[in-house]
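The values are calculated or read from the model by the stated rules, or taken from the named source; none is laboratory data. Because the structure is predicted, anything quoted here is derived from the model rather than measured. Cβ placement follows ideal geometry from the backbone for every residue including glycine, while neighbour counts extend to all protein chains displayed. Just the protein is used for accessible areas: all its heavy atoms, side chains included, with ligands, DNA and RNA removed. Shrake-Rupley method; radii C 1.70, N 1.55, O 1.52, S 1.80 Å.
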Amino acid sequence: MKLESILTPEYVEKYNHIWPNRTIIDYLNDAIHSYPDKLAIIDWKSRYTYRELGKLVNRVALGLLQIGISKDDVVSFQLPNWNEFIILHYAVTRIGAISNPLIPIYREREIGYMVSMAESKMIVVPDTFRGFDYPAMIDKLMPQWTTVEHAYVLGEQIPTNMKSFSSLLEEPWEEIVDSSLLDRIILDPNDITEIIFTSGTTGSPKGVLHTHNTLCVSTNYWIERLQLTANDVMFMASTFAHQTGFGYGVRLPTHIAGTGVYQDIWNPTEFLELVEQEGITYTAGATPFIQDTIQLKGLENFNTESLRAFVALGAPLPRPLVKEAREKVNFAILAGWGQTENGLVTLTKLDDSIEKLTSTDGVTFPGMEVEVVNMDGNECDVFEEGDLLCKGPALFVGYLKRLEDTMKEYYDGWFRTGDRAVMDEDGYIRIVGRNKDIIIRGGENIPVAYVENVLYEHPEIAVAQVIAMPDQRLQEKACAYIAMKQGAIPLTLSTLQDFLMQKGIAKQYWPEHVEIVEDFPRTPSGKIQKFRLREMIIEQMNEQVQQ
């Protein structure tokens, strides 16, 4: 499949002096050469040194070649934060194929569309994770996929029409396949290496295209800002199939030849135990993760001296939480802003004041630029709210099969992020809202229009509007305002969620509150006023608290 992108000779020339012009395989080889016996991966079932990781990556890469996966083929994998995710991603990269990480919470509707859109040649899933039967979902979807030739399952329950992923890991492919084949594969740092789908504002998620260079430069930014070295031990519980987990959980430890410690289901107690046991020095995750940690009963009983920094992403840091943290722990809490399209763009610094830490989302990394503009496209004054624009070497190179749509997202060379922000006199930004209609639930984007479109498929729903309602821990939850068709029995939250489950919608996308109404607040032209719906649910919540 030929992937169109915005990469032109002029674009490459613009950022060539900033890009590292390397691939993750280059960093892996450096780590193997310098620290062969150092632990690279620690998860709940395995511990691998860099030497062992390198051998497994090459083995799986040879196995992929043997079954017919080659350069520029797309491999989709919907795996939890297990070592096999990392091994597979590096093996796919080793042969010049393209990784398509898929979030484990996605179900038939999302997976069916994404794998088809990516024209994947292979898909890998676990046999079960958090009680869900992934092979059954894949079996149901296979007839609609015209390009998928191989379906592999990680685990012990392997359907007869699928293959065991352990065959790729355990078969001595290096004795079967000519290993020199790997050395003949040339990787261009400007080749597309990742297709990752983002939760958009329309009915169809968009496939974001990243090259080796756009990923590697974004990952390297962290090294200077967090003062990372090969002695660092990184913890990641955010899903590897999010750009945060992918770039800064899977890949960043390899860039510095450090150690990655991974958790497949977030648990603050287990996290603190791992800090003690493994000497974890830094981590990154959704803002609720730091809230769970700081407010955990018995926090004082854990030794967190090794932990230097906790990077909180996805939602603003509440000032009281940072103040509480300063009284309880010794590590810094940093805040940042970024997107699937551009990685992390801004981040606060280790020596920033509490004012910067609690009232901003940080300042840009070197080479990245942000600008806040008004409706006329002119730069806003200090602290004046406007649209946030972004550009730089970490920016994606296009939306999959949507080159025209990609160009529409640009304004005078700047990418329109869809976020609203203010900038202070020091260049620090603060996100104040979104133009895009997305709910952020604990760092997870809920694409509002996507959920609404599914709700409209219900035969008894006349109008459906999904809005954000505040939540103390998750920042936001989804609330559905629904008008029923004449004579229809009003839906309950339970029946609404049952309908979404039948439609194959990821559980995290389900509304967690429903309001049945006869009409909606509208503009004179008849457009529904969503801001008024948000005001209504907040008013209702406040009344309940007072009662």
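A few remarks follow.
- For the pair Glu539 and Thr269, label points projected 7 Å from Cα toward Cβ lie 4.3 nm apart.
- Each of [x] 27.0; [y] 22.1; [z] 33.4 is a candidate for mean projected area of the Cα convex hull in nm²; the one calculated from this structure is [x].
- Listed cross-link partners Lys323/Lys477; Lys14/Lys530; Lys45/Lys507 are compared with a 31 Å cut-off, the Cα-Cα value being larger for Lys14/Lys530.
- Segment 326-476: relative contact order in percent, alpha carbon pairs under 8 Å with at least 6 residues between: 16 percent
- Cβ-based charge dipole, the chain, positive-most Cα from Leu350, Ala421, Ala480: Ala480
- Sorting 156-167, 483-494, 35-46 by their mean Cβ neighbour count within 10 Å, with the most densely packed peptide first, gives 35-46, 156-167, 483-494.
- Segment 457-518-segment 181-260 distance, computed between alpha-carbon centres (Å): 35 Å
- In this label model, Asn374 and His33 are separated by 5.5 nm, measuring between points 7 Å along each Cα→Cβ vector.
- Rounded percent of accessible protein surface that carbon and sulfur make up, segment 354-409, 1.4 Å probe: 46 percent
- Solvent-accessible area of segment 47-153 (1.4 angstrom probe, protein heavy atoms only): carbon and sulfur portion equals 45 percent.
- Computed packing ranks the peptides 449-459, 210-220, 105-115 as 210-220, 105-115, 449-459, most packed first, by mean other Cβ atoms within 10 Å.
- Extension gain, Gln157 back to Glu170 (0.36 nm per residue minus Cα-Cα distance, nm): 3.0 nm
- Shape category assigned to segment 466-512 from the gyration tensor of Cα positions, a/c cut at 1.5: oblate
- Shown for the chain are no DSSP H helices, since none reaches 18 Å along its axis, judged by Cα atoms, with a mean Kyte-Doolittle hydropathy of at least 1.6.
- Comparing Gln277, Leu252, Ser218 along the charge dipole axis of segment 162-303, the residue lying farthest to the positive side is Ser218, per the Cβ-charge model.
- For segment 1-152, a crude dipole built from +1 on the beta carbon of Lys and Arg and -1 on the beta carbon of Asp and Glu, taken about the Cα centre, is about 320 debye to the nearest 20.
- Mean separation of Cα contacts under 8 Å, 6 or more apart, over the residue count of the chain: relative contact order %: 13 percent
- For segment 41-63 versus segment 330-356, the inter-centroid distance based on Cα atoms is 31 Å.
- Length-normalised contact order for segment 309-413 - Cα pairs under 8 Å, 6+ apart - percent: 19 percent
- Surface accessible to a 1.4 Å probe, per residue, for the residues of the chain, Å²: 42 Å²
- Considering only Thr49, Asn83, Tyr11, the residue lying farthest towards the positive end of the dipole of segment 1-98 is Thr49, judged by Cα position with unit charges set on Cβ.
- Here the sum of -39500 (n - 2.57) over DSSP H runs of 4 or more residues, divided by the residues of the chain, equals -9000 deg cm²/dmol at 222 nm, to the nearest 500.
- Segment 162-301 - charge dipole about Cα centre, Lys and Arg +1 at Cβ, Asp and Glu -1, debye rounded to 20: 640 debye
- Between Leu296 and Ile489, residue separation times 0.36 nm minus the direct Cα-Cα distance comes to 65.2 nm.
- Highest mean packing first, where packing is the average number of other Cβ atoms within 10 Å per residue, the peptides 239-250, 343-354, 143-154, 531-542 line up as 239-250, 343-354, 143-154, 531-542.
- The chain, dipole about Cα centre (Lys/Arg Cβ +1, Asp/Glu Cβ -1), debye to the nearest 20: 560 debye
- Residues Lys45 and Glu305, FRET efficiency given R0 of 22 Å [Cβ-Cβ distance, rounded to 0.05]: 0.20
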